[in-house]
Amino acid sequence: TQSFYCFGCGAGGDVITFIKKINNVDYIEAVKFLAGRAGMALPEEDDQTGRLRSRIISINKDAARFYFSRLNSDAGRVGRAYWRGRGLSDATIKRFGLGYAPDSFRETRDHLKSLGYTEDELLAAGLIKRSEKGGTFDFFRHRVMIPIFDLRGNVIAFSGRKLDPEQPGGKYVNSPETLVYKKSRTLFALNFAKKSQTRRYILCEGNLDAISMHQAGFTTAVAGCGTALTAEQVKILSEYADEVVLCYDSDEAGQKATRRAISLLSASPLKISVLNIPDAKDPDEFIKKFGAERFEMLLNGSNNAIEYELLQAKGKYDIATPDGRLNYIKDAIGVLAGRITPTERDVYAGRLAEETDVAKPAILNQLDAAIRARGRRAEKERERRLLEEGAG
């Protein structure tokens with residue numbers, strides 16, 4: 001009948017529904033999976049594009065195997081020392097397919113060409129680059145390699161971390177965008193996290209933070225792919241999570257990324273918490289110093305997004321002085337005038353009144369005025385957009 005039915009839980013449907021449920025993916029990913037198995041082109045692409053997409057997936061898989069094999073060769077000693085220095089076990093290295101790109105301009109290229117891939121295909125996969133003289137060379141050289149997987153477990157890209165501080169290029173070099181890889185739509189380790197039964201996800205700043213968390217037992221840790229959090233990534237997260245704990249570094253860049261993430265996540269149905277990491281610059285360092293149990297306690301005691309923003313505002317001023325209290329109240333009103341419920345406004349207005357020794361009715365009056373002003377600004381912005389679209 002081209003259908004399925006589970007007599008245990010009552011789930012049923014067609015082949016697309018089956019793939020969605022068994023692999024925990026959305027409709028589009030299920031269609032891509034089935035099209036790939038059947039060798040069919042997706043509606044938006046011709047057969048030639050579909051064939052190239054399949055070849056790039058195949059190239060990346062063989063490249064990941066090559067990097068893993070080189071890690072375990074004599075030449076890969078420096079790579080093995082790096083991963084072990086980060087506290088990663090052999091099981092974690094194998095699970096995430098971590099590897100090493102040899103210190104050569106052509107070893108990866110020549111190996112993949114020996115498997116039957118053309119230079120044009122390797123260029124399309126982003127694994128080689130063309131020089132000014134017209135030749136080609138390996139994109140990743142003398143770096144430890146982290147494969148990036150899609151939801152179906154296909155290798156779609158790589159991130160390479162340099163081993164020598166004197167080596168040219170940034171600390172991380174990431175694959176360029178290709179037919180199979182779009183940074184803004186990809187979350188590192190989501191292919192592992194989606195198998196977890198818990199709906200509380202941990203959003204990390206870097207791939208290595210996510211890997212360390214998985215090793216420590218926090219299997220819903222995910223990270224962006226060399227870019228700030230995007231609205232598309234938030235939408236993907238909301239398919240799998242009910243709550244997101246932001247776990248970025250404690251430095252200024254990490255706090256800036258946290259504020260941006262809160263802004264994006266506030267427009268989603270996800271509950272937001274923010275982790276404060278004491279005595280460590282990032283989650284990886286905290287887990288190494290204090291252990292997984294202490295980190296679990298941190299997670300369970302994490303602040304919600306409103307409390308985090310109020311703490312950030314309070315930390316900027318000396319509220320023992322009148323000017324400090326006034327400035328703190330002004331910033332706090334800006335936070336509370338956002339997307340929160342009337343009950344939350346009342347609770348936090350009471351807390352703000354206690355902290356600053358200002359009457360709660362005065363705080364609420366100022367808050368109501370800020371909410372009305374925000375509404376007027378939003379209406380003007382809506383009218384401006386309509387005019388730009390020609391809706392007079």
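The values are calculated or read from the model by the stated rules, or taken from the named source; none is laboratory data. Note that this is a predicted model, so its numbers are computed, not measured. Note that we place each Cβ from the backbone using ideal geometry, even for glycine, and neighbour counts take in every protein chain shown. Keep in mind that these areas ignore ligands, DNA and RNA; they rest on the heavy atoms of the full protein, side chains included. Shrake-Rupley method; radii C 1.70, N 1.55, O 1.52, S 1.80 Å.
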Review point. Convex hull over the Cα atoms of segment 264-323, averaged projected area in nm²?
Key: 5.9
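Send over the Kirkwood Rh of segment 87-167, from the inverse of the averaged 1/r over different Cα pairs, rounded to one decimal Å. Before the final figure, lay out the partial values.
Numbers: mean 1/r = 0.0718 Å⁻¹.
About 13.9 Å, per the Kirkwood formula over Cα pairs.
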Review point. Using bins 5 angstrom wide from zero, how does P(r) for segment 1-112 break down, in % of all Cα pairs?
Key: 2, 10, 14, 13, 11, 12, 12, 12, 7, 4, 2, 0
**Study point:** Summed side-chain charge close to residue 87 - residues other than residue 87 whose Cβ falls under 14 Å, Lys, Arg +1, Asp, Glu -1
**Key:** 0
**Study point:** Virtual spin-label span in nm between residue 42 and residue 384, 7 Å along Cα→Cβ
**Key:** 3.5
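Beyond 25 Å, what share of the Cα-Cα pairs of segment 23-180 is found? Please give it as a whole percent.
On the way: 4131 of 12403 pairs.
Value for segment 23-180: 33 percent of Cα pairs lie more than 25 Å apart.
Show me the ranking of peptides 161-169, 3-11 by mean Cβ neighbours inside 10 Å, starting with the highest. Let's see the in-between values first.
On the way: 161-169: 11.7, 3-11: 9.3.
Descending packing order for the listed peptides: 161-169, 3-11.
What shape does segment 190-322 have by the C-alpha gyration tensor, where a ≥ b ≥ c are the square roots of the eigenvalues, rounded means a/c under 1.5, and otherwise prolate means a/b greater than b/c and oblate the rest? All intermediate terms of the calculation are to be shown ahead of the outcome.
On the way: a/c = 1.79, a/b = 1.28, b/c = 1.40.
Note, shape of segment 190-322 comes out oblate.
Multiply the residue separation of residue 318 and residue 281 by 0.36 nm, subtract the distance between their alpha-carbon atoms, and state the gained length in nm to one decimal. Before the final figure, lay out the partial values.
Working: separation 37, 0.36 × 37 = 13.32 nm, distance 2.51 nm.
The residue 318-residue 281 span can extend by a further 10.8 nm.
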Review point. How far is it, in nm, from the label point at residue 239 to the one at residue 377 when both lie 7 Å from their Cα along the line to the Cβ?
Key: 3.4
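Using the Cα gyration tensor of segment 291-392, with a ≥ b ≥ c the square roots of its eigenvalues, what is the shape: rounded (a/c below 1.5), prolate (a/b larger than b/c) or oblate (neither)?
Numbers: a/c = 2.43, a/b = 1.42, b/c = 1.71.
It is oblate, given that a/c is not under 1.5 and a/b is not larger than b/c.
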Check your understanding: Which of the GluC sites (Glu not before Pro) found in segment 51-158 are loop residues per DSSP with 10 or fewer other Cβ atoms within 10 Å of their Cβ?
Key -> 132
Exercise for review: Find, to one decimal place in angstroms, the Kirkwood hydrodynamic radius of segment 16-81, where the mean of 1/r is taken over every pair of different Cα atoms and then inverted.
Suggested key: 14.2
Exercise for review: For the chain, with all protein chains present and a 1.4 Å probe, just round the carbon and sulfur fraction of the accessible area to a whole percent.
Suggested key: 50
Review point. Among the lysines, which have Cα under 17 Å from the Cα of residue 330 when same-chain residues fewer than 8 positions away are ignored?
Key: 314, 316, 360
Review point. Based on the Cα atoms of segment 208-266, what semi-axes does the equivalent ellipsoid have, where each is the square root of 5 times one gyration tensor eigenvalue, given in whole Å with the largest first?
Key: 18, 16, 10
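For segment 343-392, what is the accessible area per residue in Å² when the probe is 1.4 Å?
Numbers: 3660 Å² over 50 residues.
Ligands and nucleic acids excluded, the figure is 73 Å² per residue.
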Check your understanding: Among the DSSP beta bridges whose two residues both lie in the chain, what percent are antiparallel, rounded to the nearest 5?
Key -> 65
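How much area per residue is accessible in segment 152-274 when the probe is 1.4 Å and only protein heavy atoms are counted (Å²)? Display every interim value, and only then the final one.
On the way: 5070 Å² over 123 residues.
Per residue, segment 152-274 has 41 Å² of solvent-accessible surface.
Calculated from DSSP H runs of 4 or more alone, at -39500 (n - 2.57) each and per residue, what is the 222 nm mean residue ellipticity of the chain, nearest 500? Please report the intermediate quantities before stating the final value.
On the way: 17 runs with 199 residues, N = 392.
Computed mean residue ellipticity for the chain: -15500 deg cm²/dmol.
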Point to revise | Count, lysine Cα pairs under 22 Å in segment 23-145, 8 or more residues apart or across chains | key: 6
Point to revise | Normalised alpha carbon radius of gyration of segment 151-215 [divisor 2.2 N^0.38 Å] | key: 1.29
Exercise for review: Please give the net charge around residue 176, taking every other residue with its beta carbon less than 12 angstrom from that of residue 176, where Lys and Arg add +1 and Asp and Glu add -1.
Suggested key: +2
Point to revise | Net charge, residue 136 excluded, C-beta distance under 15 Å - Lys, Arg +1, Asp, Glu -1 | key: 0
